[in-house]
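The values are calculated or read from the model by the stated rules, or taken from the named source; none is laboratory data. From a predicted model like this one, the values you see are computed outputs, not experimental measurements. Ideal geometry is used to build each Cβ from the backbone, glycine not excepted, and the neighbour counts take in all protein chains shown. Surface areas here come from the heavy atoms of the whole protein model, side chains and all, with no ligands, DNA or RNA. Shrake-Rupley method; radii C 1.70, N 1.55, O 1.52, S 1.80 Å.
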Amino acid sequence: MNDGFKQRLVGAVVLVCLALIMWPLIFSDADRIAMDRTSQIPPTPAFEKYTVTAPARPPSIEPVVTPQEQPVAAPTPSLPKAEEPPIKLTPRLDSRNLPEAWVLQIASFSETANARELTKALVEKGYKAYTRTVTTSDGPSTRVYIGPRLTSDAFDDIMPTINKAYGVKAMVVRYEQ
């Protein structure tokens, strides 16, 4: 093929491509593609203005009596003369900022089963009893305790009863956490 024929052929292909691109732009109907320009937002509703009247007390409700108008004396509980009011104890803190507490050590056993039996008997009597195993120079032993309480003299009333009932010599010791 000669060069002139090639140039004519390439030119024809370029003109056909341009015609294909321009044909829809020139001969299409512009009104056929219409965009919906209406708003999807509803119109503003109409508000009715109203007035608020001042509240009025119904005649069936009595007015409230304030403390300034009529003072009411608080009832004081009467205590029998034999009883003293309970003393409110505030817990003291030790050097580690933990509450200072006391327990009643009932007994110390080398056999854990014996300690469990005594603990069970104390719990059945209504005491808050528990055991703790400690290591001593004679080997491990299980100690039985009641408590803890905030003061050491809180056990003064039950210590003689427990000593007599179980044949032990209980002692008050610091509660270790």
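At-a-glance table
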{"read-out": "Most to least accessible of Phe109, Phe155, Phe47, Phe27 (protein chains only, probe 1.4 Å)", "value": "Phe47, Phe27, Phe109, Phe155"}
{"read-out": "Sparse-neighbour loop sites [trypsin sites (Lys or Arg not before Pro); segment 104-168; at most 16 other C-beta within 10 Å; DSSP]", "value": "Lys125, Lys128"}
{"read-out": "Amide H within-cut-off set for Ala107, under 5 Å, with H built and near neighbours excluded", "value": "Val144"}
{"read-out": "Value of relative contact order over segment 96-177, rounded to a whole percent, pairs C-alpha under 8 Å and six or more apart", "value": "43"}
